[in-house]
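The values are calculated or read from the model by the stated rules, or taken from the named source; none is laboratory data. Not measured: the values here are computed from a predicted model. So basically every Cβ, Gly included, is an ideal-geometry build from the backbone, and we count neighbours across all protein chains shown.
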Amino acid sequence: MAQQVIPEPWRKDVCAILATEATGTLIEWKIDAEKRYQATPDALWNYEVYQPFIDFLSSPAPTGVTSRWIRPQEKPMSFISLSRGSGYMGKFCYAPTGNELSFFQHTHP
Amino acid sequence: MKTKQEEFEVLVPNIDGTAVAERVKVMIPLRWDDELNDWLLTPEAHQIIEDTKARHMGLLLPVQLKELRQRYGYTQKTMGELFQVGEKSWTRWESGKHRPSRVINLLIRALYENKVSINYLLKRAGMPPRTDEAAAEKEKIATWLLAALVSNPFATNYFAEGVKVIHCHTKTHSKSVFLKALSNISVQQPILARSTIEVGVKPPGLLSSKAGQRFDYENVNLLA
């Protein structure tokens, strides 16, 4: 899929949720994501990945790709991929209609 | 909501984080998400994983950090100042939102296990010393003094329960040493708390004393 600039409203909302560092409540991890994160060199605590993603999303015109991995009844979903030093990739699903819905998945690229 | 307990392997990293030092199996609660069609970690699951990791890395747990702070009756702001990390850091550590680094944890653990004096840290942070620490120091001196008096073969000591005056004299310690120690005795010292101590130093050359003989005494009233 082609890279596209991630829409600013989406970035703003996701950054606000990431900034809460509310692991397990506002920011949900799939068990597979947790296992992959633990297996990543230098990865220690979950909250450590949030700031690099915030930094990325706050940069001028960050790009990502739209995901096909969506919740059925929710429309505006996104998938972004980005790297952090050792090459992390983040998948986020976020529906602006729900204020608590942010889903984060961490995987190796 | 559909939930289940599942075994999860926590990977504990080595000191420099380059490899896995230990694998620890724990049970964690998961909840099912119908829309995502997958299992998600609950907040409790995250806490179990992180606490397990922290414990095996030798890090103090949030509850221990709180216990340490409460031991001294400090605010989170004061703890931040004490370790020179800022209030926010300490608050995050105590809430479990963040974890202290291994380096700062060494220092915190040293205080937690009484391997380093709180007054030392206060001094390094430019903060005033604690008076209860000073009292603890006095306690140590008082203990030493009592032990010295009791074990000193040249001393004649009269310790009796309920007796408020303790007579002792010795030639092996100078009067100034005793007076210095006595002036530091805390009223918390149970034996001495309500006692008056009389210290006598034998004149040079006099190796024995007659019962009841008293010379060159000084009285120290501990309640004064």
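For segment A:59-70, a tally of residues being surrounded by fewer than 17 Cβ atoms within 10 Å (Cβ to Cβ), at pLDDT below 80 and over 29 Å from B:Glu50 (Cα atoms) returns 5. Can you confirm whether B:Gly80 is surrounded by fewer than 16 Cβ atoms within 10 Å (Cβ to Cβ) and within 22 Å of the chain's Cα centre (by Cα)? Criteria not met by B:Gly80.
Residues checked against (1) at pLDDT 80 or above; (2) within 12 Å of chain B (Cβ to nearest Cβ); (3) in a loop (DSSP other than H, G, I, E, B); (4) more than 17 Å from B:Glu44 (Cα to Cα):
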site: A:Arg11; (1), (2), (3), (4): yes, no, no, yes
site: A:Leu18; (1), (2), (3), (4): yes, no, no, yes
site: A:Thr25; (1), (2), (3), (4): yes, yes, yes, no
site: A:Glu28; (1), (2), (3), (4): yes, yes, no, no
site: A:Glu34; (1), (2), (3), (4): yes, yes, no, no
site: A:Tyr37; (1), (2), (3), (4): yes, yes, no, yes
site: A:Val49; (1), (2), (3), (4): yes, no, no, yes
site: A:Leu57; (1), (2), (3), (4): yes, no, no, yes
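For B:Lys53, the criteria (1) of a type in the set (Lys, Arg); (2) more than 11 Å from chain A (Cβ to nearest Cβ); (3) buried (at least 17 other Cβ atoms within 10 Å of the Cβ) hold in every case but one, which is (2).
Every condition in (1) polar (S, T, N, Q); (2) under 24 Å from B:Ala125 (Cα atoms); (3) out of contact with any Pro (no Cβ under 8 Å at 6 or more places or on another chain) is met by B:Ser95 except one, and the failing one is (3).
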